1. Return yes when GLN83 is among the polar types (S, T, N, Q), surrounded by 17 or more Cβ atoms within 10 Å (Cβ to Cβ) and modelled with pLDDT under 95 and no when it is not.
2. Condition test on LEU46, is it closer than 22 Å to ALA115 by Cβ and not aromatic (Phe, Trp, Tyr)?
3. Can you report the number of residues in the range 39-55 which are over 17 Å from VAL13 (Cβ atoms) and either at pLDDT below 95 or basic (Lys, Arg) (or both)?
4. Tell me, which strands (runs of 3 or more DSSP E) wholly within the range 5-96 include 3 or more residues that are touching a Phe, Trp or Tyr at 6+ places or on another chain (Cβ under 8 Å)?
5. With respect to GLU105, is the statement that it is of a type in the set (Asp, Glu) and surrounded by fewer than 14 Cβ atoms within 10 Å (Cβ to Cβ) true?
6. Could you say which residue among ILE4, ILE33 is modelled with pLDDT of 95 or more and within 26 Å of LEU87 (Cβ to Cβ)?
Amino acid sequence: MTDIFSLRDDTPVSELPVSIEEFLGGNATAVRIEVGEDTRQLLPYLDRIALVEVSFPAFTDGRGYSAARILREAGYNAELRAQGDVLLDQIRYMHRCGFDSFAPEKPLKADQVDAVLKRFDAVYQSSMDGQNPVWNLRHGG
């Protein structure tokens, strides 16, 4: 099993996630979203999901970012894990979209993740993390 790196205060969910199809037909509390699947199918069940794991088969495929944002905007606040080809320099952006747990193919070092998360004070886009973008600060926001 891949090592889990978590930015959450609680223990990462250890239940193996099932496919969306299995989740919808059963009583699992951990579900895995594959590339191209419709995350919105999970919205009626957010209150019973302890873990959503989003597959990143290639670092160049950004569809998982959208899945994270859809879930967080809908009020999902449990563990949201990026799994697969997750690179260190993507962690900050993934976290800003709502990911708080990572299962990368190559292990992450805590000090490197911390440095990436703290590297820049300012952001340029609005996101799920609530940081005020610099363009808004410049205009009195």
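The values are calculated or read from the model by the stated rules, or taken from the named source; none is laboratory data. Small disclaimer: the values here were computed from a predicted structure and weren't measured. Cβ sites come from the backbone with ideal geometry, for glycine too, and all protein chains shown count toward neighbours.
1. Values: among the polar types (S, T, N, Q): yes; surrounded by 17 or more Cβ atoms within 10 Å (Cβ to Cβ): yes; modelled with pLDDT under 95: no.
Spelling it out, it is not the case that GLN83 is among the polar types (S, T, N, Q), surrounded by 17 or more Cβ atoms within 10 Å (Cβ to Cβ) and modelled with pLDDT under 95.
2. Numbers: closer than 22 Å to ALA115 by Cβ: no; not aromatic (Phe, Trp, Tyr): yes.
So LEU46 does not fit the description; no.
3. Filtering the range 39-55 down to residues over 17 Å from VAL13 (Cβ atoms) leaves 39-41, 43-44.
This time we only want the ones that are either at pLDDT below 95 or basic (Lys, Arg) (or both), so: 40.
Adding up the residues that qualify gives 1.
4. Values: elements: 30-33, 51-56, 79-84.
Strands (runs of 3 or more DSSP E) meeting the threshold: 79-84.
5. On the way: of a type in the set (Asp, Glu): yes; surrounded by fewer than 14 Cβ atoms within 10 Å (Cβ to Cβ): yes.
Yes.
6. On the way: ILE4 fails: modelled with pLDDT of 95 or more.
One residue alone meets the criteria, ILE33.
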